[in-house]
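Taking it in order: structure first as structure tokens, then the write-up.
The values are calculated or read from the model by the stated rules, or taken from the named source; none is laboratory data. Everything numeric here is computed off the predicted structure, so don't read it as measured data. Please note: Cβ atoms are built from the backbone with ideal geometry, for glycine as well, and neighbour counts cover all protein chains shown. We work out accessible area using only protein heavy atoms, side chains counted, and drop any ligands, DNA or RNA first. Shrake-Rupley method; radii C 1.70, N 1.55, O 1.52, S 1.80 Å.
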Amino acid sequence: MKSDEKAIGIFDSGLGGLTILKAVKKLMPKENIIYFGDTAHVPYGSKSKEIVTEYSLNVAKFLESKKVKLILVACNTASALALPTLKRHIKVPVLGVITPGAACAVNTTKNKNIVVLATEATVKSKAYIKSIKRTDKSISVTQYACPLFVPIIEEGLALSDISRLAIKKYLTPLKGGKADTVILGCTHYPVIKNEIAEFLGKKIMLIDSAEEIAKRAKDLLERKRILKTKGKGKTQIYASDLPERFSRLALNIIGGKRLKVKESRFFI
């Protein structure tokens, strides 16, 4: 297989990374994609660094076994906790979502006040704070853990009263605050982006890192001259548990026809 015809690998703890898959397909429609949703272990955000690193490395090795040319770590928690380990042990380039999202927020904020909404593990890691401060130490960064958002979305309740109550519970402290920019620091959160935007109001800009990491992926592939520019892009999707359920719920995120999802339990 030619280098440019090899697939881009993308993985997440569950459904959230499909927001990145959607952005990649839009920006690079000719590319082949292999997506892995680790539904057997979702959510990653409430687990330890050691466990998240173990799960992430196993999934990355699975994608590497499929001869991918690049791996995108769609999960913010995995990007925050496991990225250095992945880069040491995986032979192909590995990109996380923290740096692109942080860079976009730095370029967006007008008053240098940024809020990060993320999982408990990502908040604890301070990965977004470190990334933002490396660019501009004068920026104020406040973090809020929103642990209920991921299970709500994984249960297909993104547009329900439960979702709206969770948004009100977590985000009420932001209303009337100084922040003009909010990072959706979990790939699940863009699924409820419109509801979050409606609650916070038009004065606050929401940063979704999906488009940013897609741009960085394209730049990398162009530099290495392995961007696929001919033919039709093919997508394969795997889940580590309940593939039929994953396929059904995926329609809420990417729309279109129902996806064929294969099950892979090789590392469970």
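Points to keep in mind about this one:
- LYS87 being basic (Lys, Arg), without any contact (Cβ under 8 Å) to a residue 60 or more places away in the chain and either over 16 Å from ALA127 (Cβ atoms) or open to solvent by 40 Å² or more (accessible area, probe 1.4 Å) (or both): yes
- Put simply, of ALA23, ALA40 the only residue that is within 14 Å of TYR238 (Cα to Cα) and either open to solvent by 10 Å² or more (accessible area, probe 1.4 Å) or assigned to a helix (DSSP H, G or I) (or both) is ALA40.
- Qualifying residue in segment 111-123 (condition: within 15 Å of the chain's Cα centre (by Cα), in contact (Cβ under 8 Å) with a residue 60 or more places away in the chain, more than 20 Å from LYS215 (Cβ to Cβ) and in a loop (DSSP other than H, G, I, E, B)): yes
- Residue in segment 67-79 that is open to solvent by 30 Å² or more (accessible area, probe 1.4 Å), without any contact (Cβ under 8 Å) to a residue 40 or more places away in the chain and over 17 Å from LEU21 (Cβ atoms) present: no
- Qualifying residue in segment 179-195 (condition: open to solvent by 50 Å² or more (accessible area, probe 1.4 Å) and under 20 Å from THR119 (Cα atoms)): yes
- Test result for SER163, closer than 26 Å to LEU21 by Cα and among the hydroxyl-bearing types (Ser, Thr, Tyr): yes
- Matching residues in segment 130-152 - criterion: being among the hydrophobic types (A, V, I, L, M, F, W, C) and closer than 21 Å to ALA74 by Cβ: ILE132, ALA145, CYS146, LEU148, PHE149, VAL150, ILE152
- Test: residue in segment 218-235 that is under 16 Å from the mean Cα position of the chain (by Cα) and either on the phi < 0 side of the Ramachandran plot or without any contact (Cβ under 8 Å) to a residue 60 or more places away in the chain (or both): no
- The listed residues are GLY9, GLY101, and the only one of them that is outside any strand (DSSP E or B) and of a type in the set (Gly, Ala, Ser) turns out to be GLY101.
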